[in-house]
Amino acid sequence: MSEPLLENRDYTVIVAKTAASTTMTPPGFADRWVAAHDAVIALAQKCEEFDPDGITIYMSSNDRPDGSFKHYERVTSGQLESIFVDNFPPDTLNLLNGLQVALDSYFARKAANQTKPNGEIIIVLVDGEPSDRMKIAKTIVQAANHIDSDQELGIGFAQVGEDLIARGFLTALDQDLRSQAGAKFDIVHTRLLEDIYPEALTDFLRDILQG
């Protein structure tokens, strides 16, 4: 079935994965991404259907002590496995870094007339509470205030695991971006990854654009 709203746009996936610490993380944390593996691959495959020239990946890695994310262009879903294997996650995460770089890239390409006609969807896979919550919210509001329509740019947060503090933060981004933070458009949609069923992946992507 044709999905005009999801076609002719770029897709970026930010993998904000952190390492399990025996002293700081709850039981079962280390297994979260193992359990989510198939869902992550399925999500990448769905993005690839709408972005056949390859998706963009930002991957957290302990190779980057400054907190920056590794950047991969034109990735196919078949390459995602090796990218996961090649990058051991850091103990702490600067999610703001990856999100800011992805947004800066979009607006730079837009200014150079290099974006696709329908814009872009950014999906953030995150397993815990970001340490820079207020700056992340401010960055998203700034992005929302620089787009021309509410369906040009969408940011979807898919939470891996059930960290309640992280869920609270993501819910606030989803529900309060306009009413509390003053954003021009509601460009955020959040879900638990385990609740995004394979047969509903297209619905998840569409919901991102509907805020």
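Annotations for the structure displayed:
- Likely footprinting exposure, Arg74, Arg32, fewest C-beta neighbours within 10 Å first: Arg74, Arg32
- Distance violations [Cα-Cα > 22 Å] among Lys17/Lys70; Lys138/Lys184; Lys46/Lys116; Lys46/Lys184; Lys135/Lys184: Lys46/Lys184
- Packing-based ranking, highest mean first, of 194-200, 8-14, 153-159 given that Cβ atoms within 10 Å are counted: 153-159, 8-14, 194-200
- Label point distance in nm, Asp63-Asn145, each placed 7 Å from Cα along Cα→Cβ: 3.7
- Placing +1 on each Lys and Arg Cβ and -1 on each Asp and Glu Cβ, with no other charges, gives the chain a dipole about its Cα centre of roughly 620 debye.
- Cα gyration tensor shape of segment 87-186, rounded if a/c is under 1.5, else prolate or oblate by comparing a/b with b/c: oblate
- Rounded is the label for the chain. Its Cα gyration tensor axes, ordered a ≥ b ≥ c, give a/c under 1.5.
- Pairwise centroid distance, computed over Cα atoms, of segment 67-96 with segment 35-50, Å: 15
- When the chain is described by a simple charge dipole with +1 on each Lys and Arg Cβ and -1 on each Asp and Glu Cβ, the residue from Thr76, Asn97, Leu5 located farthest towards its positive end is Asn97.
Bear in mind these aren't lab numbers, they're just calculated from the coordinates by the rules spelled out. Since we're looking at a predicted model, the values are computed, not measured. Using ideal geometry, Cβ is built from the backbone for each residue, glycine included, and neighbour counts are taken over all protein chains shown.
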